[in-house]
Amino acid sequence: GAVVSQHPSWVICKSGTSVKIECRSLDFQATTMFWYRQFPKQSLMLMATSNEGSKATYEQGVEKDKFLINHASLTLSTLTVTSAHPEDSSFYICSARDRVLGGLYNEQFFGPGTRLTVL
Amino acid sequence: DAKTTQPTSMDCAEGRAANLPCNHSTISGNEYVYWYRQIHSQGPQYIIHGLKNNETNEMASLIITEDRKSSTLILPHATLRDTAVYYCIARALNTGFQKLVFGTGTRLLVSP
């Protein structure tokens, strides 16, 4: 299947700093990318959906000024957690939909996740 | 998208078949049943999907009842590496940006 990578795989930062997480589709073009957050022992919660070249659509309750999403190319989306606080500590996962492979069945390919710890 | 209900957890002996049920009694005619799994501290992995016919691939089989109100994911010979949380999702193809909404899933523990 298609491969999605995330960088970094884990990051520790101080409270008040900003952290950028990259999501890349390695061998396909991703029309749409999704960002999820997962707290310990909980399910994945969709944060936002981004289409290449346009503004992201955020889920209710997700602060768009705090979680900045950029999807500037068909292979790269970034999530920036601005002014991070300890409650932002979580497992952040991206997924991408292949404009060709996903096609009619909309199969999404997930990245390995990024564990963010804010001290 | 229709709501799905899964058991919280299940156990399975290594080498035996793991049968994971999913209830989706309010599923509509244009909604597919998708299965994903998430191994600890990794991103979810697509397993299989179907509409009304049974499906099989190299990973698993999907059995959907005739009334489509429930389905079963079958891992024919479970291994320790199949220990994961399995998510059943009912989703229509034409839902906006085709986002996936994950429920709580079933935590499958495969033991030696």
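What follows is calculated from the coordinates using simple rules that are stated; it is not laboratory data. Quantities reported herein were computed from a predicted structural model and do not represent experimental measurements. Virtual Cβ from ideal backbone geometry, glycine too; neighbours counted across all protein chains shown.
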- Note on the structure: Okay, strands (runs of 3 or more DSSP E) sitting entirely in region B:11-112 with 1 or more residues that are free of Cβ contacts under 8 Å to residues at least 60 places away in the same chain and within 14 Å of another protein chain (Cβ to nearest Cβ), I get B:31-38, B:45-50, B:61-64, B:84-92
- Can you find even one residue in region A:67-79 that is touching a Cys at 6+ places or on another chain (Cβ under 9 Å), surrounded by fewer than 17 Cβ atoms within 10 Å (Cβ to Cβ) and farther than 28 Å from B:R107 by Cα? yes
- Only one of A:L116, A:L76, A:L44, A:L68 that is touching a residue at least 12 places away in the same chain (Cβ under 8 Å) and facing chain B (nearest Cβ under 9 Å): A:L44
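Of the residues A:T49, A:T31, A:T57, which is at the interface with another protein chain (Cβ under 10 Å from one of its Cβ atoms) and without any contact (Cβ under 8 Å) to a residue 12 or more places away in the chain?
A:T57
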